[in-house]
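Taken together, the values in this text are just the output of simple stated rules run on the coordinates, not laboratory data. Every value quoted in this text rests on a predicted model; they were computed, and no experiment measured them. Positions of Cβ are generated from backbone atoms using ideal geometry, with glycine treated the same way; all protein chains shown enter the neighbour counts.
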Amino acid sequence: MQKRVLEVAGRTQRLLCVLGASALLVCAGSGAASGPGAVPPEARAHAISAGGSHTCALAGRGFLDCWGSNAADQVGDGTKADRTLPVVVGVLPGVSAVAAGGSFTCARTNGGEVECWGDGQSPHVVASGVAAIAAGGTHACGLTSTGAVECWGDNRYGQLGDGTKTRRASPVAVSSLSGGVIAVTAGGGHTCALTTAGAVKCWGENDYGQLGDGTKANRTVPAPVSGLTSGVTAIAAGGQHTCALTRRGAVRCWGRNLAGQLGDGTTKTRTRPTALSELARGVAAVAAGRNHTCALRRAGGVLCWGDDGSGQLGDGKKADRRLPAKVSRLARGVAAIAAGGSHTCTLMNGGHVYCMGQNGHGQVGDGTKKQRRTRVAVVGFGAVVCTVPAVLGKTFAAAKTAMVRAHCRVGTLRRVASRKKRDIVLAVTPRPGTRLLKGARVGMTVSRGH
C-alpha cells in the first residue's frame, strides 16, 4: 500500500489516507466528519504519553494526535515545525498504545507491530509480537506477548540489557528476561522491568543509584532492586530516578534527588528504594519525568513533587517540592497521568486532556508557547475552540450570531459587488469546519449588492 497525507476540507489537522490496490482512497483522523460539510466532533483521548518536549494522545478508533517539539520529526506530521496544537500524525491499523521518548515516538498496533519515528528518522516498523512499549531518553523497549523484554536504540550505559554497550537499530533480547515480565519502563539512560512475582529489576545508567541495587555502578544486564522482590504492581522510570507502586498503594522511589523528586522530604540521593510517608497507601498510578514525579490517587486526585522550575507541578507556584503537593484543580476525575521532560499531562475520565509546565515548543497543546503553572485544556481534547460555522449564503447578521455561538469573532470584512442580495456572505476564511483557538477572528466576504 502507498500512504499519502493530505489536507481534508474543514480541518486544520491532517488525516492519513491509504491508497490500496483497488484504488480506493480511505482516510481517517481524529476529526473525521460524518457527512458533507459536517463539523468533526471533539476528540476523546484514551491514553496519553509525555516525551522530552512533546506529547501524544491516543483517541478513538486508533487515531493518534501529537504536539510540541518537532525538530527531530517526533510529532510525525512530515515537517520539522513545532506544533502548539494537536495534529493527526497518521493512523496505523488499530493503534492501541503510544510512547513518547526524548525526541522520538513509538506506537503499537492491535496486531503487535511497533512503528517509531523521530530522532531524524521517518516512520518505520521496528518490532512485532509486542504487547506493550516504553520509550526512554534515546532508547525504547517492548514487552512481548510471551513476557520477554526486547530493547533497541542507544546503549552507551547498557540500557538495552544485552550485556553490551553497542547501539542497536533493531530489538535485542534483554539478558535473563525471556519470560515472566508484566511491565517495562524506560528512563533517561536506564530501564526497569516488573515480573509476575511483583519483583523489580533494573539496568543501564546508575550514576545516581537509579537502578536501586545499593550501588552507583552501571549495569549492562538486569539487577534486582534492593527490597523489591515482591508486592510491586507498577513502575516508572524518570530522567535519573525510579519509582515503584506497591499492592497496597504505597510509593517508593530511588535515584537522583537534587530537586526533591523522590518525595522523601530531602534532596539526598538514594541508591535503594525509600518510602514516601505521605503516600503510604491509596495511590493508583505513578509517573516520573526528568526531575519531577506525580502520583494519581485512587480517588482521582493528583499530587506532584520535585522540580517546578517550569510549573510542571501544577500548584500555581514555581518552587521545588520535596514532598508531594496537590495539583490545582485536579482533585478528582483523573484517569491517567504522564510526566515529560518539564511538563505534566493528565487524562480525565471523560477523555479530556489537561497539561501544565514548560511550553516553549507547544508541548502543553493550548495553541501558545506560554509556560503554564496550572493545568490548561489541550485544544481538541477539552479546550473550548472556535469551530468556523457554515455561514455561506446567510445574511451578515445571521453570520455574526453564528460566529458568537461558535466561540469565534468576526475578523477582516470585505464587501464586494455581487449579483447576490446585499449583505449575503460569499466566502469565509478559513473554511467552515476549521478548528481554531477560542475567540479567533474569522474573515468574511459579503456582497454589497449590484
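What to note about this one:
- Label reach from Arg422 (point 7 Å along Cα→C-beta): in the stretch 365-396, amide nitrogens under 20 Å belong to 393-396.
- A Förster radius of 25 Å combined with the Cβ-Cβ distance from Arg298 to Thr267 puts the calculated FRET efficiency at roughly 0.30.
- Globularity index of the stretch 385-447, i.e. its alpha-carbon radius of gyration over 2.2 N^0.38 Å: 1.01
- In percent, rounded to a whole number, the relative contact order of the chain is 11, using alpha-carbon pairs under 8 Å and six or more apart.
- Within the stretch 421-450: backbone nitrogen closer than 12 Å to the Thr395 label point (7 Å, Cα to C-beta): 422-425
- Over 18 Å (Cα to Cα) - which of Lys326/Lys369; Lys369/Lys400; Lys326/Lys438; Lys317/Lys438; Lys370/Lys438 fall in this group: Lys326/Lys369; Lys369/Lys400; Lys326/Lys438; Lys317/Lys438
- Cα-based reach from Lys216 at 26 Å (exclusive), listing lysines while leaving out same-chain residues under 8 positions away: Lys165, Lys201, Lys268
- Extended-chain gain in nm, criterion 0.36 nm per residue less alpha-carbon gap, Ala319 and Lys165: 51.7 nm
- Diagonalising the gyration tensor over the Cα atoms of the chain and scaling each eigenvalue by 5 before taking the square root yields semi-axes of 44, 25, 16 Å, largest first.
- Nearest-ten-degree value, helix 396-405 long axis tilted from longest Cα axis of the chain: 20
- Gain upon complete extension [Val384, Arg405; 0.36 nm per residue less C-alpha separation]: 6.4 nm
- Report note on the peptides 311-319, 431-439: ranked by the mean count of other C-beta atoms within 10 Å, highest first, their order is 311-319, 431-439.
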